[in-house]
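Colleague: Mind looking over this structure? Questions follow.
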There are 4 protein chains.
Amino acid sequence: MKYLQFDPSRKYDLILLGRVTIDFNPVDYYKTLAESTTYKKYLGGSPANIAVGLSRLGKKCGFIGRVSDDRFGDYVTDYFKKEGIDTSHIVRCTGGEKLGLTFTEILNERDSSILMYRNQIADLQLNADDIDEDYIKEGRALLISGTSLSESPSREAALKALFLAKKTKTPVIFDVDYRPYNWKSKDEMGIYYAIVAGQADVILGSREEFDLTQQLIDPDMKDKAAAAYWHKHRAKIVVIKHGKEGSTAYTCDGQQFTIKPFPIKRLKGFGGGDGYASAFLFGLFEGWDVIDCLEFGSASASLLIASHSCSDSMPTAEAVRSYIKDCKEKYGEMIARG
Amino acid sequence: MKYLQFDPSRKYDLILLGRVTIDFNPVDYYKTLAESTTYKKYLGGSPANIAVGLSRLGKKCGFIGRVSDDRFGDYVTDYFKKEGIDTSHIVRCTGGEKLGLTFTEILNERDSSILMYRNQIADLQLNADDIDEDYIKEGRALLISGTSLSESPSREAALKALFLAKKTKTPVIFDVDYRPYNWKSKDEMGIYYAIVAGQADVILGSREEFDLTQQLIDPDMKDKAAAAYWHKHRAKIVVIKHGKEGSTAYTCDGQQFTIKPFPIKRLKGFGGGDGYASAFLFGLFEGWDVIDCLEFGSASASLLIASHSCSDSMPTAEAVRSYIKDCKEKYGEMIARG
Amino acid sequence: MKYLQFDPSRKYDLILLGRVTIDFNPVDYYKTLAESTTYKKYLGGSPANIAVGLSRLGKKCGFIGRVSDDRFGDYVTDYFKKEGIDTSHIVRCTGGEKLGLTFTEILNERDSSILMYRNQIADLQLNADDIDEDYIKEGRALLISGTSLSESPSREAALKALFLAKKTKTPVIFDVDYRPYNWKSKDEMGIYYAIVAGQADVILGSREEFDLTQQLIDPDMKDKAAAAYWHKHRAKIVVIKHGKEGSTAYTCDGQQFTIKPFPIKRLKGFGGGDGYASAFLFGLFEGWDVIDCLEFGSASASLLIASHSCSDSMPTAEAVRSYIKDCKEKYGEMIARG
Amino acid sequence: MKYLQFDPSRKYDLILLGRVTIDFNPVDYYKTLAESTTYKKYLGGSPANIAVGLSRLGKKCGFIGRVSDDRFGDYVTDYFKKEGIDTSHIVRCTGGEKLGLTFTEILNERDSSILMYRNQIADLQLNADDIDEDYIKEGRALLISGTSLSESPSREAALKALFLAKKTKTPVIFDVDYRPYNWKSKDEMGIYYAIVAGQADVILGSREEFDLTQQLIDPDMKDKAAAAYWHKHRAKIVVIKHGKEGSTAYTCDGQQFTIKPFPIKRLKGFGGGDGYASAFLFGLFEGWDVIDCLEFGSASASLLIASHSCSDSMPTAEAVRSYIKDCKEKYGEMIARG
């Protein structure tokens, strides 16, 4: 069964709305951030990483966002252009707002934490006037990153895009992408996550993210009940992630599909999610069966946590396929499908 | 047909969420505000006026709002108590925010304008923490005044109340109550009005207010199409007002009922709407036919525009009935039902 | 001895910098503000009242300030024009800031309190760009009202005016005019009051205001020591007020002159200070002996507290003289000079 | 002649007030910041660098400032402690404010630019309550960095420290340290620089910085006139810097002393100023002749621009002496005194 219809006449496979930032990852890692002395600079921000991931896999992406009007703004738009991502709707800030920075502390293979610079931040300056109905109509789907909902005016920009997606019959993918930094309260998350989830065709989130989304509706809904609730609204596919336990996609026809992580030698404890999302969505755009989308996502996630960055290391389709093949040869066909 | 079910076991007929303010109306009117020298002080704010109106008609109301921590805050809560309105969920501001003030310029019977003091305003400090599920569960219905959506944190307080009303199966009445002052952009109105309208059981608004609400959905929907659109969501009754041309209630069973204004010697050009809303809702709570609700609302509106205030002059049921009777005797039974 | 030299070739006797606001005084007074129902509107704000006072006494004043762009802004500039005060440097706000409002609670002849509306207030939007060296050069003296120092950008506008007064050899009169509302901390008062006092030729303040001004210099300086301290800086005349105990002017040649209040049937407990300041300054501009300036100031103060407003009731020189004459006839020549 | 008296009974040679930040200098320099990929992290901020410089030279410093409550806050306080700088009056921010970051673009030996992160910045949260009279009394001198004046509440903290220094007879060193980023207008610089300069015993600034300081006093004062103006206030030594042309110290007894840069193979175009200031002040604290202070400062400046950082490369007294000796042997005794 095809859960979503993508209009082939449209110019872009996916238009993503949300943040582009910079990651500074320590070269001398496995120390505290206070102790690390040297850092490498990478493009970052979950929807930006997904855009890079999808482009490397051969899909055509556009991006709606705000960046700083300085060398770092140059850096990220140059990077996008090099990857073939359309930057015509990335707007420069005029009020001195800066690109978000994420300094990563990698203590060991599993434990990491981040120090974020997100005060008067460029990405959350996106505003309703930046949202262009004609551009949204050029995407076969619109991805809204939940972090864009954390503050005005970006919040209203994302909601306007949601309304215009509905008006132009553009499927909406909602990646909850919970980042506590800019949110004022838990209630606000519950309100805005639920408003967007209630209009989305695909919802991607962790168990914790679904709890935040459902807190004002029914705080006790577990996975199946949650999926059923959102299917009653507009969702066709609801993906609930449980970290290293794996993740499950619930479809509106009552089916469910589960995937587990592929084995890998980790370098760091983060970055897998964006690999997962981009490779999973790649499968959807290709019209694959849901379980194949999940497998591709899971493989890409493993490749990412084994590497130093979240964007620069995004694999090609060839690389993902070859990694899956190797794993299956080594561990058996069902290695991740468990 | 009964369009709404009110749970008789609940303590209050209606809980209203929104602003309480003070009106200063000139005693020496029919001049500019610069020229008028003497002013009378009245309780004001659309939902506050509706609460007073319903109380005078014998209904039990509760109120959710924020007021200033000063003598003016005393004034409005004292006034509410005297009218029998529950003030247990009216919270005092702690950051020096002041009660809204409206200075009215009454140039003649038809032309008036207002000068509003709404900077760092008490009512828009209402926040999500002020919203109490147990209190909402005590109301047979919840009225949300659209002005509460104009700014954070009041916006999120109103949206949380909306979620909790749904969770507690409390019918929602949405009074669009458009006041341009605190809104940042037209897009924001379109977004938030539409979110609440999409969840409301009763929607009350002028033609202009419906245009604002529908701008991101379909800017060309006229009355019938608009009513049909909201009926497809959750609305049972959609009331669209056309000023002195009268107003029409569209019900979810496809009927429509129209009322016209009663003749009156006007004093001022405003204040009718709150009389209309309170008397119309009174009829709904009494279980009347929609056309009788409208007639009662229209009569109360006429009484209000003939008097100096919007709250102090709210009529009793007796007074409305007697005024309708007089009009019908003088002008014929169909005077407003035309 | 002439303590100050005023350049007769300049166009205005005095240019005042600070707030213009509106007072709403209850017509039904001797009640709480919650209980009073009817209010009269008057021009208010200490420097505005002083400007009106001096104009009524026949002096030519100019004013530097910001007012709201609405009917209330019209009201105060119209009022100034009618009084002959130059309004060429009163600027309209563009960001929706409103004129300050003061609602007065008059409980009895002595006890009053005020409820101020000063959030996002017009007068404190005065900014450095509004300060015009050529205009300051047209005044024989510049009066800076201390309330203008309470917040940026008005604070920097006042300090720029202070620098330009020094540059253009314009004597500076500093009226401490302490109003707690907009100040963030006591330290800030100590800092900015002391900066301006250290450059002023005349300082007018109550004992409490001098304590605030000297808190970071020497919190224990009493009247004589305080006057001596400021004389070592730039001050020629230091006037320290002790309410109904009277007030004393200390001059830089080591003299001191004391005045007491004139007897009067009070209506209210405020408003005397602005009458005092305008009549005292009138005497200075006329070249009178300091004790005569004080007597004129004290008489005007008494007339003000016997009347309903602080601006509309400002007396002519004729009226002050006649009142002094009456008092002296009734109570003896030394009635106030004690 | 001894221009300043330092009280030997006090605990610290110098207490500095101002910012501590982090510099990220590219390892792969001589490229644009967009192109550089790898960065080294250093302690930064002019007064922080001067504190490190003085400590390396053997003087005991204390610091008044605000830092972020995160790993970067740990980094800078740990660094200070390691250098022997007292951190008892460095306060952690509680509102999520972050440490300032400076990303340096080193295009070649002369041309560099910086990209600053200074939105909701930790250092400018220093407030008047953080200023402790007892601590100021423990310093033989207080250095105020002009950047601390750029915004409230840090502005008032610096001004309060200035008042308390005067009250406790602590000499004040004013380093104008002009950084455009956080200033709202040129007028504000003119106002606050002049207020502090008017109370300072030593003023250090470039020609451009003196122009900014004097703009509201007399925009045309050249070096000699400027020095004379500040000597008439409170200044004993006025140092005016002209970049590679050298700098001149004007003393209150009418003398002047000029120094030129020492020859060096530059790595970058910045960092010299902080080396200069720390070594110059070292000489003052040692009681040296002014020309010897200048020579020591100039030599330290040259060493700094030849190295990769502004703090980590601060030389010991031994290293400065040895460098001066080498230069004199190579180029002649008068190499810088020219």
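Colleague: Of the residues that make up segment C:5-17, is at least one more than 14 Å from chain B (Cβ to nearest Cβ) and in a helix (DSSP H, G or I)?
Modeller: Going through segment C:5-17, the residues more than 14 Å from chain B (Cβ to nearest Cβ) turn out to be C:5-17.
Then drop every residue that is not in a helix (DSSP H, G or I), which leaves none.
No, every residue in segment C:5-17 fails to be more than 14 Å from chain B (Cβ to nearest Cβ) and in a helix (DSSP H, G or I).
Colleague: Which count do you get for residues in segment B:164-183 that are within 9 Å of another protein chain (Cβ to nearest Cβ) and under 22 Å from residue A:190 (Cβ atoms)?
Modeller: Our first condition is that a residue be within 9 Å of another protein chain (Cβ to nearest Cβ); within segment B:164-183, this holds for B:164, B:166-167, B:181.
Subsequent filtering for residues that are under 22 Å from residue A:190 (Cβ atoms) retains B:164, B:166-167.
Residues that pass the stated criteria total 3.
Colleague: From the list D:292, D:274, D:312, which one is of a type outside the set (S, T, N, Q), touching a residue at least 60 places away in the same chain (Cβ under 8 Å) and surrounded by fewer than 21 Cβ atoms within 10 Å (Cβ to Cβ)?
Modeller: D:312
Colleague: So which residues in segment A:84-100 are part of a loop (DSSP other than H, G, I, E, B), surrounded by fewer than 20 Cβ atoms within 10 Å (Cβ to Cβ) and more than 11 Å from chain D (Cβ to nearest Cβ), if there are any at all? So that I can check it myself, show each step before the final result.
Modeller: Residues of segment A:84-100 that are part of a loop (DSSP other than H, G, I, E, B), as a first pass: A:84-85, A:87-89, A:93-97, A:99.
Keeping just the survivors that are surrounded by fewer than 20 Cβ atoms within 10 Å (Cβ to Cβ) gives A:84, A:87-89, A:94-96.
Of everything in segment A:84-100, those that are part of a loop (DSSP other than H, G, I, E, B), surrounded by fewer than 20 Cβ atoms within 10 Å (Cβ to Cβ) and more than 11 Å from chain D (Cβ to nearest Cβ) turn out to be A:84, A:87, A:88, A:89, A:94.
Colleague: For residue C:304, state whether it is of a type in the set (A, V, I, L, M, F, W, C) and touching a residue at least 60 places away in the same chain (Cβ under 8 Å).
Modeller: The answer is no for residue C:304.
Colleague: Given the options B:54, B:33, name the one that is surrounded by 23 or more Cβ atoms within 10 Å (Cβ to Cβ) and within 14 Å of another protein chain (Cβ to nearest Cβ). Quick ask: steps written out before the conclusion?
Modeller: Values: B:54 fails: within 14 Å of another protein chain (Cβ to nearest Cβ).
Sole residue among the options that is surrounded by 23 or more Cβ atoms within 10 Å (Cβ to Cβ) and within 14 Å of another protein chain (Cβ to nearest Cβ): B:33.
Colleague: So, one more: Could you list all residues from segment A:57-72 that are within 24 Å of residue D:117 (Cβ to Cβ), without any contact (Cβ under 8 Å) to a residue 60 or more places away in the chain and outside any loop (DSSP other than H, G, I, E, B)?
Modeller: A:63, A:67, A:71, A:72
Colleague: Could you please let me know if residue B:71 is surrounded by fewer than 21 Cβ atoms within 10 Å (Cβ to Cβ), basic (Lys, Arg), modelled with pLDDT under 95 and at negative phi? Don't jump to the end; show me each part of the working.
Modeller: On the way: surrounded by fewer than 21 Cβ atoms within 10 Å (Cβ to Cβ): yes; basic (Lys, Arg): yes; modelled with pLDDT under 95: no; at negative phi: yes.
Taking the combined requirement at face value, the residue does not satisfy it.
Colleague: Looking at D:79, D:75, D:29, D:39, which one is closer than 19 Å to residue A:37 by Cβ and assigned to a loop (DSSP other than H, G, I, E, B)? Outline the logic, then answer.
Modeller: Working: D:79 fails: assigned to a loop (DSSP other than H, G, I, E, B); D:75 fails: assigned to a loop (DSSP other than H, G, I, E, B); D:39 fails: assigned to a loop (DSSP other than H, G, I, E, B).
It is D:29.
Colleague: What is the one condition in (1) assigned to a helix (DSSP H, G or I); (2) in contact with a Gly (Cβ under 7 Å, 6 or more places away or on another chain) that residue D:110 does not satisfy?
Modeller: That leaves (1) as the condition not met.
Colleague: Now for a different question. Please tell me if residue B:143 is touching a helix residue (DSSP H, G or I) at 6+ places or on another chain (Cβ under 9 Å), within 14 Å of chain C (Cβ to nearest Cβ) and not in a loop (DSSP other than H, G, I, E, B). Steps first, answer last, please.
Modeller: Working: touching a helix residue (DSSP H, G or I) at 6+ places or on another chain (Cβ under 9 Å): yes; within 14 Å of chain C (Cβ to nearest Cβ): no; not in a loop (DSSP other than H, G, I, E, B): yes.
For residue B:143, the condition - touching a helix residue (DSSP H, G or I) at 6+ places or on another chain (Cβ under 9 Å), within 14 Å of chain C (Cβ to nearest Cβ) and not in a loop (DSSP other than H, G, I, E, B) - is not met.
Colleague: Considering segment C:1-45 alone, what residues qualify as being of a type in the set (D, E, K, R) and under 19 Å from the mean Cα position of the chain (by Cα)? I'd like the intermediate steps shown before the answer.
Modeller: Going through segment C:1-45, the residues of a type in the set (D, E, K, R) turn out to be C:2, C:7, C:10-11, C:13, C:19, C:23, C:28, C:31, C:35, C:40-41.
Those that are of a type in the set (D, E, K, R) and under 19 Å from the mean Cα position of the chain (by Cα): C:13, C:19, C:23.
Colleague: Test residue D:78 against the criterion of being within 11 Å of chain A (Cβ to nearest Cβ) and over 26 Å from residue D:269 (Cβ atoms), and give yes or no.
Modeller: Numbers: within 11 Å of chain A (Cβ to nearest Cβ): yes; over 26 Å from residue D:269 (Cβ atoms): yes.
So residue D:78 passes the test.
Colleague: Then there is this: Answer yes or no as to whether residue C:165 is of a type in the set (A, V, I, L, M, F, W, C), modelled with pLDDT of 95 or more, assigned to a helix (DSSP H, G or I) and within 18 Å of residue C:67 (Cβ to Cβ). I'd like the intermediate steps shown before the answer.
Modeller: Details: of a type in the set (A, V, I, L, M, F, W, C): yes; modelled with pLDDT of 95 or more: yes; assigned to a helix (DSSP H, G or I): yes; within 18 Å of residue C:67 (Cβ to Cβ): no.
No; evaluated as a whole, the condition is false for this residue.
Colleague: Can residue B:103 be described as part of a strand (DSSP E or B) and of a type in the set (Phe, Trp, Tyr)? I'd like the intermediate steps shown before the answer.
Modeller: Values: part of a strand (DSSP E or B): yes; of a type in the set (Phe, Trp, Tyr): yes.
The answer is yes for residue B:103.
Colleague: Do the conditions hold for residue D:276, that is, is it part of a helix (DSSP H, G or I), closer than 17 Å to residue D:58 by Cα and of a type in the set (Ser, Thr, Tyr)?
Modeller: Working: part of a helix (DSSP H, G or I): yes; closer than 17 Å to residue D:58 by Cα: yes; of a type in the set (Ser, Thr, Tyr): yes.
Spelling it out, residue D:276 is indeed part of a helix (DSSP H, G or I), closer than 17 Å to residue D:58 by Cα and of a type in the set (Ser, Thr, Tyr).
Colleague: Look at segment C:283-336 and say how many of its residues are out of contact with any Asp or Glu (no Cβ under 6 Å at 6 or more places or on another chain) and part of a helix (DSSP H, G or I).
Modeller: 33
Colleague: Out of segment B:114-140, which residues are touching a residue at least 24 places away in the same chain (Cβ under 8 Å), away from chain C (no Cβ under 14 Å) and not in a loop (DSSP other than H, G, I, E, B)?
Modeller: B:128, B:130, B:133, B:135, B:136, B:139
Colleague: When you scan segment A:12-29, do you find a residue that is touching a residue at least 40 places away in the same chain (Cβ under 8 Å), touching a Gly at 6+ places or on another chain (Cβ under 6 Å), surrounded by 15 or more Cβ atoms within 10 Å (Cβ to Cβ) and basic (Lys, Arg), even just one?
Modeller: For segment A:12-29, residues touching a residue at least 40 places away in the same chain (Cβ under 8 Å), touching a Gly at 6+ places or on another chain (Cβ under 6 Å), surrounded by 15 or more Cβ atoms within 10 Å (Cβ to Cβ) and basic (Lys, Arg): present.
Colleague: Shifting gears a bit: Quick check on residue B:108: is it in contact (Cβ under 8 Å) with a residue 60 or more places away in the chain and either in contact with a strand residue (DSSP E or B) (Cβ under 9 Å, 6 or more places away or on another chain) or away from every other protein chain (no Cβ under 11 Å) (or both)?
Modeller: Details: in contact (Cβ under 8 Å) with a residue 60 or more places away in the chain: yes; either in contact with a strand residue (DSSP E or B) (Cβ under 9 Å, 6 or more places away or on another chain) or away from every other protein chain (no Cβ under 11 Å) (or both): yes.
For residue B:108, the condition - in contact (Cβ under 8 Å) with a residue 60 or more places away in the chain and either in contact with a strand residue (DSSP E or B) (Cβ under 9 Å, 6 or more places away or on another chain) or away from every other protein chain (no Cβ under 11 Å) (or both) - is met.
Colleague: Residues that are crowded, with 22+ Cβ neighbours inside 10 Å and charged (D, E, K, R): does segment B:133-152 have at least one? Before you say what the answer is, go through the steps one by one.
Modeller: Initial filter on segment B:133-152 (crowded, with 22+ Cβ neighbours inside 10 Å): B:136, B:139, B:141-150.
Cutting the leftovers down to charged (D, E, K, R) gives us none.
The answer is no, given that none of the residues of segment B:133-152 is crowded, with 22+ Cβ neighbours inside 10 Å and charged (D, E, K, R).
Colleague: In segment C:248-259, how many are within 15 Å of residue C:297 (Cβ to Cβ) and in contact with a Ser or Thr (Cβ under 7 Å, 6 or more places away or on another chain)?
Modeller: Residues in segment C:248-259 being within 15 Å of residue C:297 (Cβ to Cβ) and in contact with a Ser or Thr (Cβ under 7 Å, 6 or more places away or on another chain): 4 in total.
Colleague: Still on this structure, please answer the following. How many residues are under 16 Å from the mean Cα position of the chain (by Cα) and either closer than 14 Å to residue B:53 by Cβ or among the aromatic types (Phe, Trp, Tyr) (or both) if we restrict to segment B:270-298? Don't jump to the end; show me each part of the working.
Modeller: Here is the first cut: in segment B:270-298, the ones under 16 Å from the mean Cα position of the chain (by Cα) are B:270-285, B:293-294, B:296-298.
So of that shortlist, the ones also either closer than 14 Å to residue B:53 by Cβ or among the aromatic types (Phe, Trp, Tyr) (or both) come out as B:270-285, B:293, B:296-298.
Final tally of qualifying residues: 20.
The values are calculated or read from the model by the stated rules, or taken from the named source; none is laboratory data. Just so it is clear, the model here is predicted, and its values are computed rather than measured. As a convention, Cβ positions derive from the backbone with ideal geometry for all residues, glycine included, and neighbour counts pool all protein chains shown.
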